[in-house]
Amino acid sequence: MATIFQGLRGGAAAALTNSIDSKKLLSRSTRRSLSERKVSFPVVRSDGSVNLNPGGSNARARRVDQLITNAVATKADSSAASSTSKPGHELLLFEALREGLEEEMDRDPHVCVMGEDVGHYGGSYKVTRGLADKYGDLRVLDTPIAENSFTGMGIGAAMTGLRPIIEGMNMGFLLLAFNQISNNCGMLHYTSGGQFTIPVVIRGPGGVGRQLGAEHSQRLESYFQSIPGIQMVACSTPYNAKGLMKAAIRSENPVILFEHVLLYNLKERIPDEEYICNLEEAEMVRPGEHVTILTYSRMRYHVMQAAKTLVNKGYDPEVIDIRSLKPFDLHMIGNSVKKTHRVLIVEECMRTGGIGASLTAAITENFHDYLDAPIVCLSSQDVPTPYAGTLEEWTVVQPAQIVTAVEQLCQ
């Protein structure tokens with residue numbers, strides 16, 4: 001394996017054309033049956049419209065309707081009418097991730113991808129589809145089912161000058177690589193006295209999906225936030241998915257990019273020209289005056305769904321997608337707190353030791369004098385995610401709970 005990376009670094013141009021027999025390299029993981037089922041979700045446009053499979057059953061259609069209601073809040077009706085006139089091109093979120101990845105691989109021959117089934121199979125959610133055919137098996141490397149091994153291999157490759165993107169087929173599987181991520185990825189720049197940088201991106205699907213069970217519904221933000229030297233970002237739209245991917249690849253620091261399984265098929269029009277997003281900036285989703293709602297990832301859409309109800313009731317919530325989970329954008333957050341004097345945090349992470357707990361501590365330490373009410377944090381319950389759909393919904397924050405919390409905060 002060391003020979004492969006030496007060859008890639010020394011002769012990147014040759015690596016572009018070098019092709020190994022794909023039949024020998026293509027791994028067929030025992031997890032594939034689950035992955036194939038997951039990529040069959042319907043297309044969801046940012047205006048809330050749904051493209052169903054014409055051959056699906058009525059029961060399937062009803063299931064999709066339930067999925068969209070709980071996962072994606074519709075935007076203003078005017079966005080659908082104006083989308084065709086906007087410049088740029090429409091992409092699904094997983095396609096935006098791929099486009100950002102492909103642009104960076106074109107720009108820098110040191111960028112490479114590794115993980116289970118990322119090669120000719122195209123990844124469990126098709127983020128890397130077509131890249132192995134374009135760049136060859138040396139730059140898009142299929143690995144065995146050994147997260148600790150290939151994560152360590154990617155970190156070692158980054159130490160030698162490459163820029164690996166390590167894909168976890170599911171973020172929960174990366175718990176098997178926790179030692180590599182903690183003791184090596186996050187600390188080697190410090191423990192080497194600055195001799196090494198670790199420009200590696202660790203990414204993959206996570207969050208509560210649709211009856212994927214406890215082990216495939218992990219939210220690992222709380223696990224990784226305490227590791228020194230690592231940045232964490234969470235994408236929530238095709239636009240910021242591409243921008244954060246490109247920024248993470250160019251960063252000299254190790255970055256963990258969290259993607260949500262229920263947002264991969266969210267569609268949005270993004271610019272044709274190149275852009276990147278700042279890894280340390282939050283996004284103002286909706287300006288408001290009465291209360292600051294801080295959220296990220298899938299919960300952004302639950303919050304926006306609740307915001308429509310709140311506006312109809314006379315409230316004016318300010319919604320911020322924090323995006324940067326470590327470090328927090330305390331400049332934008334602080335300015336909002338100084339304006340509204342009330343804070344509601346909505347997350348899918350577990351309540352105990354989650355992102356919301358850290359965010360609450362940061363706001364209390366820096367902006368306590370501006371608060372007119374205690375900070376409220378809505379989080380997932382501290383239980384394993386149930387398989388049963390109705391029970392699964394009970395463990396995750398729903399829009400009605402957000403509405404109630406804002407009403408109580410603003411009394």
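Table for the structure above
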quantity	calculated
Proximal aspartates and glutamates relative to LYS313, as straight alpha-carbon distance under 12 Å, when same-chain residues fewer than 8 apart are discounted	GLU407
Net lengthening on full extension, ASP272/TRP394 (0.36 nm per residue, minus Cα-Cα)	39.9 nm
Cα-projected label distance for ASN148 with ASN312, points at 7 Å along beta-carbon direction, nm	5.3
Ranked order, ARG203, ARG163 - accessible area, probe 1.4 Å, largest first	ARG163, ARG203
Contour excess over end-to-end distance, with Cα ends at GLN408 and ARG351 and 0.36 nm allotted per residue	18.6 nm
Overall form of the stretch 91-270 per C-alpha gyration tensor (a/c, 1.5; a/b vs b/c)	rounded
Largest to smallest accessible area among ASP382, ASP369, ASP108 [probe 1.4 Å]	ASP369, ASP382, ASP108
1.4 Å probe accessible area per residue over the stretch 216-335, in Å²	31
Integer Hz, Karplus 6.51/-1.76/1.60 couplings in order for the stretch 363-375, x for Gly and Pro	5, 4, 5, 9, 9, 4, 5, 8, 8, 9, 8, x, 5
Percent carbon-and-sulfur accessible area, the stretch 91-270, ignoring ligands, DNA and RNA, probe 1.4 Å	51
Unsatisfied cross-links (Cα-Cα over 32 Å) in the set LYS86/LYS134; LYS134/LYS326; LYS126/LYS339; LYS126/LYS338	LYS134/LYS326; LYS126/LYS339; LYS126/LYS338
Of all accessible heavy-atom area on the stretch 301-411, the percent that carbon and sulfur account for (1.4 Å)	56
Per-residue HN-Hα couplings for the stretch 176-187 [Karplus 6.51, -1.76, 1.60; θ = phi - 60°; Hz; x = Gly/Pro]	5, 10, 4, 4, 5, 5, 7, 7, 10, 4, x, 10
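The values are calculated or read from the model by the stated rules, or taken from the named source; none is laboratory data. Owing to the predicted nature of the structure, the values given are computational and were not obtained by experimental measurement. When we count neighbours, we look across all protein chains shown, and the Cβ atoms used for this are built from the backbone with ideal geometry, even at glycine. The area values use the complete protein model at the heavy-atom level, side chains included, leaving out ligands, DNA and RNA. Shrake-Rupley method; radii C 1.70, N 1.55, O 1.52, S 1.80 Å.
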